[in-house]
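A.B. asks: Take this structure, written in structure tokens, and hold onto it; I'll ask about it next.
The values are calculated or read from the model by the stated rules, or taken from the named source; none is laboratory data. Note that the structure is predicted; figures quoted are calculated from it, not measured. Counting neighbours? That spans all protein chains shown, and the Cβs are built from the backbone with ideal geometry, glycine included.
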Amino acid sequence: MAKQLQHVDVILRETDLAYVLGCVKDAHSCAIVGLSNVGKSCLLRTLECVQADYLGAQVDQFVFVYIDCNLMLELSEQGFYEAVLRATRDVLARNSVKDSLSTQMEAFYRGVVESGPSLRVPLSFNDAIIALGEGLKRRIVFLFDEFDAPFAALDGRVFLNLRALKDRYGSGLCYVTATEQALNKVRSDAAASEFNELFAGRTYWLGMLEPDEAVRLAEAYAVAQGKTLEPDQAAFVLKQSGGHPGLLQAATQVLLRVEVGAPQRLRQQGLTLARDALDSDSIVRSECAKLWEQLSEDERNALMRLVTLGPERADQTQLKSLDCKGILVRGARSRSPLGDGSVDQSQYESTLSPEEGGIFGQLFERFTRRQRLIQEGAAKGILVDVDAGAAWVDGVRVPTLTDLEYRLLLLLYGRLDKICDKYQIVKSVWGESYIDQVDDARIEKLVSRLRAKLERDPSNPKYLITMRGRGYKLLSG
């Protein structure tokens, strides 16, 4: 999302910014949780720009360090500490701190980078944090963006160490994390639980943009391309995207391409064309699929029942969870922190009704309806939903496929009931440059792994058939 906004000068999420900076001002850590491309990265990056507006005269008492965990050189303890200190060095350079502190930080950075896996790595990191606090005499705020992967994968000692540093420095140090799931859902072992305690009562779900924010952002996208959105066009983009930033940008771009500049008498026809174009737009489909994949199976089922049977026939617990995540909206959306990431049941004394709530935007609602149709059509045989990157066999969803397995399935599915020879498989799955590098055994192992996920009895396959000496065939039923 930060990349999407880099040429658009507009400040969004003032309520959310106020909440995070309120936590920081009170020396509390907080955890930001949100689905794909709702703007978590943008929120964290914006914190650096608006500190003075929210912290006032206290702004000089803080230093914010933004760490993009996607830029870790490796997913390891050493890689994590290196990324934190690299980002810290950049902040010191931008703020022109005294040379002695910069020299110290460089030495500690080298201690982390050049030690190899050893006790010196965490010791150098801790010494760096001590020197930073004493040298700057400010409160240090680490903003951990894209924190899901390192939190799930790294040794628990890393998070015990972060907890110990917070306990040692109290109000002098706090953390803000951004993840797609609540921290206690990502990881709950003993070491992680101690770290998670820092965020108790301050897990904050980031929903979709408020309507006025979404319209301002759409208008800014248009202006950046030298165009202007009329009120009915801005309303169209808002209704389609529902305030999801990724879908908002995609919808605006499609509208600008299809409809802007059309004579007033053709405006409605242009909006209809734009709507049709959106459903087949690859970016829109990708954004919807990412959102869908981040929902649980129960949440997906609740959504499909909602759009076909109405809210009274859908699982109310799942609807409450979806509302919390911003997928459903009921008038003014609640943004209150929910502690451990679970739904605050007291906010939902009555069940949803058709008048009270619905899916956040029409693009995702239509996507949900297509998922329902796909599931109904998956009662027998093989069915692949390219939108969601998922597959069903006889109505049962196939376990998650690896990239190579999915490529093979797409090839076979595209040639349903036809033989795919080994040349076609290598070309489509690995690429033409691998024609002479992938042997029969490697192909057979990949087919075997895919068959194990598709077939009830892989030793007696019903759908993925080997045609000896010729290749493989996926049968329709």
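A.B. asks: Restricting the first residue to region 448-460 and requiring it to be of a type in the set (G, A, S), which pairs with a second residue that is in a loop (DSSP other than H, G, I, E, B) meet a Cβ separation below 8 Å and a spacing of at least six or different chains?
C.D. replies: S448/P458; A452/P458
A.B. asks: Just one of A277, A314 is surrounded by fewer than 20 Cβ atoms within 10 Å (Cβ to Cβ), modelled with pLDDT of 75 or more and either over 20 Å from N37 (Cα atoms) or not basic (K, R) (or both); which is it?
C.D. replies: After applying the criteria, what remains is A277.
A.B. asks: Go over the candidates E74, E82 one by one and state the one that is free of Cβ contacts under 8 Å to residues at least 60 places away in the same chain, charged (D, E, K, R) and farther than 16 Å from F142 by Cβ.
C.D. replies: Just one listed residue meets the conditions, E74.
A.B. asks: From L162, L136, L132, which residue is within 27 Å of G39 (Cβ to Cβ), in the same structural domain as L101 (by TED's automatic domain parsing) and either crowded, with 16+ Cβ neighbours inside 10 Å or of a type in the set (D, E) (or both)? Show your work before the answer.
C.D. replies: Numbers: L136 fails: within 27 Å of G39 (Cβ to Cβ); L132 fails: within 27 Å of G39 (Cβ to Cβ).
The conditions single out L162.
A.B. asks: While we're here: Among E74, E114, E106, which is acidic (D, E) and under 26 Å from L183 (Cα atoms)?
C.D. replies: Of the residues listed, the single one that is acidic (D, E) and under 26 Å from L183 (Cα atoms) is E74.
To keep it simple, each residue is scored yes or no on (1) touching a Phe, Trp or Tyr at 6+ places or on another chain (Cβ under 9 Å); (2) modelled with pLDDT of 90 or more.
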| site | (1), (2) |
| --- | --- |
| K98 | no, no |
| E114 | no, no |
| E134 | no, no |
| A149 | no, yes |
| L162 | yes, yes |
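A.B. asks: Could you please find all residues in region 1-16 being surrounded by fewer than 20 Cβ atoms within 10 Å (Cβ to Cβ) and at pLDDT 90 or above?
C.D. replies: Matches in region 1-16: E14, T15.
A.B. asks: Any residue in region 293-309 that's without any contact (Cβ under 8 Å) to a residue 24 or more places away in the chain: show its pairings with residues that are exposed (fewer than 14 other Cβ atoms within 10 Å of the Cβ) at Cβ separation under 7 Å, as long as the two are six or more apart or on different chains.
C.D. replies: R305/R313
A.B. asks: Continuing with the same structure: Please work out which one of (1) touching a residue at least 24 places away in the same chain (Cβ under 8 Å); (2) surrounded by fewer than 16 Cβ atoms within 10 Å (Cβ to Cβ) is the condition M105 fails and give its number.
C.D. replies: (2)
A.B. asks: Here is a further query. Quick one: count up the residues across region 235-256 that are surrounded by fewer than 24 Cβ atoms within 10 Å (Cβ to Cβ) and touching a Ser or Thr at 6+ places or on another chain (Cβ under 9 Å).
C.D. replies: The number of residues fulfilling the criteria is 2.
A.B. asks: Go through region 44-79 and give me each residue that's surrounded by fewer than 19 Cβ atoms within 10 Å (Cβ to Cβ) and β-branched (V, I, T).
C.D. replies: Result: V50, V59.
A.B. asks: Assess whether G34 counts as being touching a residue at least 60 places away in the same chain (Cβ under 8 Å) and touching a Pro at 6+ places or on another chain (Cβ under 7 Å). Show your work before the answer.
C.D. replies: On the way: touching a residue at least 60 places away in the same chain (Cβ under 8 Å): yes; touching a Pro at 6+ places or on another chain (Cβ under 7 Å): no.
So G34 fails the test.
A.B. asks: Restricting the first residue to region 416-429 and requiring it to be within 13 Å of L474 (Cβ to Cβ), which pairs with a second residue that is surrounded by 14 or more Cβ atoms within 10 Å (Cβ to Cβ) and not aliphatic (A, V, I, L, M) meet a Cβ separation below 6 Å and a spacing of at least six or different chains?
C.D. replies: Qualifying pairs under 6 Å: I419/G471; I419/K473; C420/G471; C420/Y472.
To keep it simple, each residue is scored yes or no on (1) closer than 21 Å to S193 by Cα; (2) of a type in the set (A, V, I, L, M, F, W, C).
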| site | (1), (2) |
| --- | --- |
| M72 | no, yes |
| G79 | no, no |
| L85 | no, yes |
| E114 | no, no |
| S124 | no, no |
| A153 | yes, yes |
| F159 | yes, yes |
| A164 | yes, yes |
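A.B. asks: Just a yes or no: is a residue in region 186-196 in contact with an Asp or Glu (Cβ under 7 Å, 6 or more places away or on another chain) and not hydroxyl-bearing (S, T, Y)?
C.D. replies: To start, the set of residues in region 186-196 that are in contact with an Asp or Glu (Cβ under 7 Å, 6 or more places away or on another chain) comprises 186.
Then drop every residue that is not not hydroxyl-bearing (S, T, Y), which leaves 186.
Within region 186-196, one or more residues are in contact with an Asp or Glu (Cβ under 7 Å, 6 or more places away or on another chain) and not hydroxyl-bearing (S, T, Y).
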